[in-house]
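One structure below.
We did not get these values from a lab; they are worked out from the coordinates using the rules stated. The structure displayed is predicted, hence computed values, not measured ones. Counting neighbours? That spans all protein chains shown, and the Cβs are built from the backbone with ideal geometry, glycine included.
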Amino acid sequence: MTKHRTALSGTGRGRRLTLVALVLAVLCGLVAVFLVYRTPSPGLRPVAAPAVKGERVVVEDFSGAGLPDGWKAAGGDWKVEDGRLVGAPGGGGQPGRIVFGRHLNDFRLEATARTGGGARLGGEGSTARTGGAAPWVALGVDVPASGAAPWSVGALRGGAAPGGLLEFARRTDRDTWDVTDKAALPAAAGGDRDVRLAVEVHGTRARWFLDGREALRTSRLTRTADGGQALLVDGARVSFDDVRVTKLGANPLLRPVGSPMAVIAHRGASSAAPENTLVSDEVARRGGAEWIENDVQPSKDGVPYVLHDTDVDRTTDGTGPIRSLTAAEVDALDAGSWFGPAYAGARVPTLAAQLDDLRRRGGNMLLEIKGRHSRAEVARIVEEIRDHGMAGRVVVQSFDVDALKYTRALAPELPLGLLRTELDPDPVAVARELGLSTYNPPAGELLAHPGLAKSLHAAGVAVTVWTVDDATRWNSLEALGTDGIITNRPAELSGWNAGRLHGDH
C-alpha cells in the first residue's frame, strides 16, 4: 500500500490582520502566558499547567479577611492569616478539614502548602516539634459537603518513611484507612518551604504531582456521585495559598506536563511471560505498567477470549481457529508451556477473567477488538466491561472502523482508539468523525511526521504508538509529545520514565 501524506498544517489565505485583531491577539497571548506559567518553588524551573483544555471553577488566594464564600470548616481550626488559609487538626484524633467546590468527574486540584511551628511535610526529621504524630496534609478529591467519612484523598505523610510517603487513600465510615497506592516522597519535596501540591483526577484514575512533577498514579480511586474537594491537615498547623480547581476535558489519555508517557504492556509483559495470560499481566503490573494491552476475539459459542492470533496453534498446545473451538475446549488448553516449563498450566483467559483480575489487583486495559466483529459480538464485549464495573478503566481500540462504530453506538462512555499501519490523509478529521480519544499509529509513522502529535493534541486527541522496545526511540517519541507507548518491555520503560522524572532532563 502507498503511504499517504498527512495534512498537518493549513495553507492560510494571506489575509492581513486589522489593527484591532492584532491587538486582541497580543492580549490573548499575554493572558495565555499568565495562565500557563506560575512561579516555581525555589530551585525549580517554571512548570507549565496541564496540557489539557480546562475551565477553572475555583481560584482562591485568600485575600479577604475571613473564610471565602462556599468554604466550610468541617473539623479542626481554620482561619485566614496574612493572606493564607491556616488549618489545624481537631480534637479526638480527627484531622482538620475544610470543604469547598463541587462534584467533578475530571479535574485538577492544586494548592501551595507550608507547615508551621518547625514541623516539616517531608524529608529527614519530618515530625512535629512538639513530639506528637508526624504531620500530614491531604488534598481531598471526593469529600462530602459535611466533611464526614468516607472520603478519598491524595495524602503527603511526613515521618512514615525516612523521607515521607505519598499516598492515595480512603477514610472509611469506620474511621479506618484503606491505602490503595503509595510511594516514597521525592527528596525535592521535603523541607520547611512551600510545596506545590496537585492531584489530577479522571474518574477512578488519578495522578499526584509535587512541584510540577508526577510522583504517583492510581487506578483505584473511590468516587461517589456528589463528593467535592477539601483540604485536610493533621499533626501540625499547615498554611495554604493559591488553591485552584480546574475542570478538565474528559480525555485522561492526554499526557499532562510533568507526567511521563503511559507504559502500556503489549499482551502483558510478553518478553518475560507467556503473552495474553494473567501471569503476563501480573509481571507487567509489578514492572510498573499502568495499562495492559490485549487482543479479544470470540470462541465458537461467543465467549470473548484474550488471544492475539486467529488460531491457537502458536501460543497453546491446541490447534485450529479460536472461532472453531467451544469455550470448554479453549479452557482446557495450556497457554504457558510453549514459553517455558515454569508457566505450564497457564490458561487462555476469558475477557471476563482478565477484567476481574484488573479490577481486583489494579491496572487499566487497552482492549483491541481483533479482526472483524459483528455488532452482536461487540455487544457481548461491552456487556462484559459493564458487568465488571470497568467502563472507567478500559479503552477500546481496533484496526476495524466498524468495530469502533459499534462500540460508540453501544457504549458512548468507552474511549476509542484507532489502530493504523499507515497514517490517514487527515488524521484529525478521522479522529473527529469517529469520536476518538487516541490515534494509534506505528512509531515510525509518528517519527516521520513530527507535527502529528501537536495537531491531534489541539483537537483533544492523544497519540499512542506501537510497539517500541528501544530506549533511543522512546527518547525521540517523548520529545514529539507522545502520550503512551505500547511495549514488550514495560519494566524497562517504567524505569526509563523514572530516570527522566527524577534526573536532570
| message | Let me spell out the model: positive unit charges on the Cβ of Lys and Arg, negative unit charges on the Cβ of Asp and Glu, origin at the Cα centre of the stretch 369-472. What dipole size does that give, in debye rounded to 20? | response | 260 debye
| note | Excluding residues fewer than 8 positions from LYS79 in its own chain, the aspartates and glutamates with Cα under 16 Å of it are GLU60, ASP61, ASP69, ASP234, ASP241, ASP242
| field | Net charge dipole size for the stretch 177-297 [Lys, Arg +1 and Asp, Glu -1 on Cβ; Debye, nearest 20] | value | 140 debye
| task | Rounding to the nearest 20 debye, state how big the charge dipole of the stretch 428-505 is about its Cα centre with +1 on each Lys and Arg Cβ and -1 on each Asp and Glu Cβ. | result | 140 debye
| note | Taking the alpha-carbon centre of each part, the distance from the stretch 71-105 to the stretch 346-404 in Å is 42 Å
| request: Would you mind checking LYS72/LYS454; LYS182/LYS405; LYS72/LYS247; LYS182/LYS370; LYS247/LYS454 for any pair whose Cα atoms are more than 31 angstrom apart? | output: LYS72/LYS454; LYS182/LYS405; LYS182/LYS370
| field | Among ASN440, LEU414, VAL401 - extreme Cα towards positive end, dipole of the stretch 400-454, charges at beta-carbon | value | LEU414
| note | Expressed in angstrom and ordered largest first, the alpha-carbon extents of the stretch 268-313 along the principal axes are 35, 20, 12
| note | Between VAL257 and residues 5 or more places away or on another chain, the pairs with built amide H atoms under 5 Å apart involve ALA51
